[in-house]
Amino acid sequence: MLKFIALALTALVSFSPSWVTAQAQPKVKEKIVVGLAHEPPYTNFQAGGALSGAAPDLLFRIMKDFGVKELDPKVLEFGAMIPSLQAGRVDVISTGLYINPMRCKAVLFSEPDLCTAEGFIVPKGNPKSLNSFSDVAVNDNIRYGVCGGCSAEKRATELGVARNRITIAPDHQSGIKMLLDGRIDVYAAPDLALRSAAEAMGVTDRFEVRPVAGEPAKCSGIAFRNDQRELRDLVDRKLEALKQSGEYDKIVSKYGFDSKLARTAKRADLCGGAN
């Protein structure tokens, strides 16, 4: 049985760039370092440090066929994930890292593994009528919270939300705490992650999660360095086989994800071209 060990605060683990060999069935280390965020239901640490969530469960199911016996999780902020992967401080990234054209220039993504909608968490009744990023952008009095490096930060700035109105939170519970303290008016993140955080904090009686109007579903993928193309392609084939067999549905649906979304989304469309 897989033993997950949470090493979020330990020193960075070094490893050889040749952790996977060029074979039809790649040989990998029995323990790989995975970059991730503490973002239920994508990833979550249970009491005692046990790792769970749709992303690590799916990653391990794929990688165990290549000889992996243990995932060594490294908790990172989103803005640090790709630099850590490129520098070799983690072997792969498996969390809610959305596929987009800018990221596709920096790393290789698998085909979509998990898809969800962008969400806002606001006070019950949505008193300031914040339904879209444009609603936030046009009102200079709205204070907007988001996790650093998340897609919702980039999307808001694209639509004209001034930097001095954006407050960065290290994680979603910190963002909701800022909402509780009256420091921001709205916090944006994937809707499933917001619901999970709000439930864990016991604030669902005071706040509600709403889908962001006009935004398409967002999909993440397992991220690899650019020299890991052969492994990425093999992972794609394993992921597709899980989708075809129905095992994929069993893994992700227990965490609330809609398995149909990742079947229709394509990496090439999300990247704006080949990756």
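What is the residue count in segment 156-185 for residues that are of a type outside the set (Asp, Glu), over 14 Å from residue 138 (Cα atoms) and in contact with a helix residue (DSSP H, G or I) (Cβ under 9 Å, 6 or more places away or on another chain)?
11
Residues that are within 23 Å of residue 99 (Cβ to Cβ), in contact with a Cys (Cβ under 6 Å, 6 or more places away or on another chain), at pLDDT below 95 and part of a loop (DSSP other than H, G, I, E, B): does segment 202-220 have at least one?
Within segment 202-220, one or more residues are within 23 Å of residue 99 (Cβ to Cβ), in contact with a Cys (Cβ under 6 Å, 6 or more places away or on another chain), at pLDDT below 95 and part of a loop (DSSP other than H, G, I, E, B).
Give 226, 275 a once-over and let me know the one that is surrounded by fewer than 19 Cβ atoms within 10 Å (Cβ to Cβ) and either within 30 Å of residue 28 (Cβ to Cβ) or not assigned by TED's automatic domain parsing to the domain that holds residue 58 (or both).
Of the residues listed, the single one that is surrounded by fewer than 19 Cβ atoms within 10 Å (Cβ to Cβ) and either within 30 Å of residue 28 (Cβ to Cβ) or not assigned by TED's automatic domain parsing to the domain that holds residue 58 (or both) is 226.
When you scan segment 29-137 for helices (runs of 4 or more DSSP H) that lie fully inside it, which ones turn up with 1 or more residues that are touching a residue at least 60 places away in the same chain (Cβ under 8 Å) and within 27 Å of residue 199 (Cβ to Cβ)?
Correct list: 54-63, 78-86.
Within segment 140-169, can you find the residues that are among the hydrophobic types (A, V, I, L, M, F, W, C) and assigned to a loop (DSSP other than H, G, I, E, B)?
Scanning segment 140-169 gives 142, 150, 159, 161, 162.
The values are calculated or read from the model by the stated rules, or taken from the named source; none is laboratory data. Predicted model, so just to flag it, every value in this text is computed and none were measured. Cβ sites come from the backbone with ideal geometry, for glycine too, and all protein chains shown count toward neighbours.
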